[in-house]
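A.B. asks: Structure below; questions to follow.
The values are calculated or read from the model by the stated rules, or taken from the named source; none is laboratory data. Keep in mind that what you see is a predicted model, and the values were worked out from it rather than measured. Please note: Cβ atoms are built from the backbone with ideal geometry, for glycine as well, and neighbour counts cover all protein chains shown. Surface areas here come from the heavy atoms of the whole protein model, side chains and all, with no ligands, DNA or RNA. Shrake-Rupley method; radii C 1.70, N 1.55, O 1.52, S 1.80 Å.
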Amino acid sequence: MPTIRLKPKAEARAIRHGFPWVFANEVVTDRRTRAIAPGTFARLEEHDGRALGLVTVNPASKIIGRMMDRDPDAQIDQAWIAGKIAHALAMRAALYETPHYRLVHAEADGLPGVVIDRFGDVAVIQPNAAWAEAHFDLIADALIQVTGVSSIVRNGSGRARALEGLPELTEIARGAVDGPVPVPMNGATYMADVLGGQKTGLFFDQRPNHAFAAKLAKGGSVLDVFAHVGGFSLAALAGGATQALAVDSSAPALALAEAGAKASGMTDRFDTLQGDAFDILQKLAEDGRRFDTVICDPPAFAPNKPALDAGLRAYERVARGAAALVAPGGYLGLCSCSHAADLSSFRNASARGIGRAGRRGVMLHTGFAGPDHPQLPQLAESGYLKAVFFRLD
């Protein structure tokens with residue numbers, strides 16, 4: 001097994017206290033280190049030779065090392081992976097009535113760079129680190145061993161893989177998937193396209209925010225902007241909303257939302273509108289439309305620090321357009337999944353937008369991802385999701 005060693009000035013204490021990453025500028029990167037194949041396991045040592053643990057190495061990434069085990073002699077095999085999955089499963093099984101959740105959330109569940117979403121008997125694995133790509137079959141076999149799922153989709157897409165130097169690839173790795181998978185959640189049935197949809201097909205992270213918005217929306221009308229497969233609108237209808245309009249630029253996503261409404265018995269209270277969200281917000285305002293609850297869950301406008309300023313302006317623009325459509329005394333929910341936009345910056349951008357719409361709002365609640373998306377306290381990046389709810393005069 002190869003060894004990588006920290007530079008004398010590298011902060012070994014942070015790693016000893018649980019920080020899971022080793023950056024390339026912290027490691028002695030000689031010719032031998034640069035020649036290590038991506039995904040190889042290696043012994044990590046301090047500059048003086050003291051062991052810190054077992055890491056997976058990718059010389060092509062800025063994160064050159066990801067901590068696998070504090071024991072430098074650990075064996076990363078199917079049994080080791082199955083142990084991590086079993087530990088993750090025990091927590092989810094205690095929290096959720098049906099097996100529909102994020103089963104593994106990367107570093108926080110002890111499997112660096114690995115995301116697994118479970119849709120009953122179907123699971124989607126995102127191998128977003130070089131070691132997970134190289135050992136995908138071990139992960140898949142361990143997943144079947146622990147959970148008994150019959151079908152596995154390998155979803156190799158997204159920015160995280162590009163940063164690891166990995167190609168895009170989506171395929172059925174085990175079993176068969178015949179079409180969208182029905183997912184019961186918050187009293188509604190959602191249809192997840194696990195092969196061609198966004199991310200893994202459904203955003204489990206928003207589940208608690210869907211539930212909170214549904215309570216606000218009871219007895220009133222709802223506008224769900226950037227609706228994807230109807231996350232907020234279907235939950236609101238299940239919670240007693242009288243009518244919901246889902247807006248998205250994607251016709252396939254809205255078709256899945258309509259299929260979910262049909263499966264939930266809500267077709268008579270559910271409508272969709274395809275097009276650019278900003279254009280539709282403006283058109284609805286010009287038509288004098290008002291809704292008791294408006295929710296906007298846009299894509300990540302600020303995925304990284306260089307995009308932060310433009311992203312915050314986009315969030316402000318969303319808030320301004322959406323606030324104009326909220327009936328007096330109604331509710332506005334604004335969401336961000338941007339890593340680079342912290343909660344304070346996002347709240348401030350939202351408040352500016354509400355003010356520029358000529359509205360006054362009080363903040364009621366701030367929501368985050370559910371407990372199936374645990375976070376390491378050392379990784380601020382993992383706390384990406386923010387949902388802020390206002391009541392507007």
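A.B. asks: Output needed for the stretch 178-280: three equivalent-ellipsoid semi-axes, defined as square roots of 5 times the C-alpha gyration tensor eigenvalues, in descending order, whole Å.
C.D. replies: Values: eigenvalues 70, 49, 30 Å².
Semi-axes (√(5λ), whole Å): 19, 16, 12.
A.B. asks: Still on this structure: Over the chain, give the accessible area per residue in Å² for a 1.4 Å probe, as an integer. Walk me through the numbers on the way to the answer.
C.D. replies: Numbers: 16660 Å² over 393 residues.
Result: 42 Å² of accessible area for each residue.
A.B. asks: What distance in nm separates the simple spin-label points at residue 14 and residue 305, each placed 7 Å from Cα in the Cβ direction?
C.D. replies: It works out to 1.2 nm between the two label points.
A.B. asks: Moving on. Given all pairs of different Cα atoms, what value in angstroms does the Kirkwood hydrodynamic radius of the stretch 313-393 take? Walk me through the intermediate numbers first.
C.D. replies: Working: mean 1/r = 0.0765 Å⁻¹.
After inverting the mean inverse Cα-Cα distance, the result is 13.1 Å.
A.B. asks: Hey, another quick one. For the pair residue 313 and residue 35, how long in nm is the line joining their label points, each one 7 Å along Cα→Cβ?
C.D. replies: 5.0
A.B. asks: Turning to a different aspect of this structure: Normalised by the number of residues in the stretch 125-217, what is the relative contact order in percent for Cα pairs under 8 Å and 6+ residues apart?
C.D. replies: Values: 104 pairs, mean separation 19.2, N = 93.
21 percent.
A.B. asks: Now for a different question. How many percent of DSSP beta bridges within the chain run antiparallel, rounded to 5? Can you show the working numbers first?
C.D. replies: Numbers: 47 of 73 bridges.
Approximately 65 percent, going by the DSSP bridge assignments.
A.B. asks: Now a separate question. List the aspartates and glutamates whose Cα sits under 16 Å from the Cα of residue 386, skipping any in the same chain fewer than 8 residues away.
C.D. replies: Straight-distance partners of residue 386: 205, 297, 316, 342, 372.
A.B. asks: Trypsin sites (Lys or Arg not before Pro) within the stretch 348-386: which are DSSP loop residues with at most 13 other Cβ atoms inside 10 Å?
C.D. replies: Working: sites: 352, 356, 359, 360, 386; in loops: 359, 360.
Filter output for the stretch 348-386: 360.
A.B. asks: So how do 267, 200, 147 rank on accessible area, 1.4 Å probe, biggest first, that is with the largest at the start? Display every interim value, and only then the final one.
C.D. replies: On the way: 267 85, 200 0, 147 25 Å².
Correct descending sequence by accessible area is 267, 147, 200.
A.B. asks: Using only Cα atoms, tell me the angle between helix 277-286 and the longest principal axis of the chain; keep it within 0 to 90° and round to the nearest 10.
C.D. replies: Orientation of helix 277-286: about 20 degrees from the principal axis.
A.B. asks: Using only the alpha-carbon atoms, how far is helix 207-217 inclined from the longest principal axis of the chain? Give it as 0 to 90 degrees, nearest 10.
C.D. replies: Approximately 10 degrees, to the nearest ten.
A.B. asks: Nearest 10 degrees, 0 to 90: what angle lies between the long axis of helix 343-356 and the longest principal axis of the chain (Cα atoms)?
C.D. replies: 20
A.B. asks: Further question: Return the equivalent ellipsoid semi-axes of the stretch 248-393 as a descending list in whole Å, where each equals the square root of 5 times an eigenvalue of the C-alpha gyration tensor.
C.D. replies: 25, 21, 15
A.B. asks: Quick one: in the stretch 233-323, what % of C-alpha pairs are over 18 Å apart? Provide the component values of the computation, followed by the final result.
C.D. replies: Working: 2136 of 4095 pairs.
Of all Cα-Cα distances in the stretch 233-323, 52 percent exceed 18 Å.
A.B. asks: If amide H atoms are built 1.01 Å from N in the plane of the peptide, which residues on other chains or at least 5 residues away come under 5 Å of the amide H of residue 272?
C.D. replies: Those qualifying (amide H under 5 Å, at least 5 residues apart or on another chain) are 246.
A.B. asks: Restricting to the stretch 126-255, compute how many DSSP beta bridges are antiparallel as a %, nearest 5.
C.D. replies: Details: 10 of 15 bridges.
About 65 percent, rounded to the nearest 5.
A.B. asks: With both bridge residues required to lie in the stretch 73-175, what share of the DSSP beta bridges run antiparallel, to the nearest 5%?
C.D. replies: Numbers: 16 of 20 bridges.
If I count the DSSP bridges inside the stretch 73-175, around 80 percent turn out antiparallel.
A.B. asks: If you average the sequence gap of Cα pairs under 8 Å that are 6 or more apart and divide by the length of the chain, what percent do you get for the contact order?
C.D. replies: 10
A.B. asks: Please give the calculated 222 nm ellipticity per residue for the chain, where each DSSP H segment of at least 4 residues contributes -39500 (n - 2.57) and the sum is spread over every residue; nearest 500 deg cm²/dmol? Could you put the intermediate results ahead of the total?
C.D. replies: Working: 12 runs with 121 residues, N = 393.
The per-residue figure over the chain is -9000 deg cm²/dmol.
A.B. asks: Shifting gears a bit: One-quarter of the Cα convex hull surface for the stretch 91-209, in nm²? Display every interim value, and only then the final one.
C.D. replies: Details: hull surface 28.7 nm².
Result: a mean projected hull area of 7.2 nm².
A.B. asks: Karplus couplings for the stretch 295-306 from phi (6.51 cos²θ - 1.76 cosθ + 1.60, θ = phi - 60°), rounded to Hz, Gly and Pro as x?
C.D. replies: Each residue of the stretch 295-306 in turn: 10, 10, 10, x, x, 5, 6, 10, x, 8, 4, x Hz.
A.B. asks: What list of whole percents do you get for P(r) of the chain, with Cα-Cα distances grouped in 10 Å bins up to the one holding the largest distance?
C.D. replies: In whole percents, the pair-distance histogram is 5, 22, 29, 23, 14, 6, 1, 0.
A.B. asks: For the stretch 155-212, just list the percent of Cα-Cα distances falling in each 5 Å bin from zero outward, please.
C.D. replies: Answer for the stretch 155-212: a P(r) of 4, 15, 21, 20, 16, 13, 8, 2, 0 percent.
A.B. asks: If the chain between residue 121 and residue 75 were fully stretched, how many nm would it gain, using 0.36 nm times the residue separation less the Cα-Cα distance?
C.D. replies: Values: separation 46, 0.36 × 46 = 16.56 nm, distance 2.89 nm.
Taking 0.36 nm per residue and subtracting the Cα distance, the gain is 13.7 nm.
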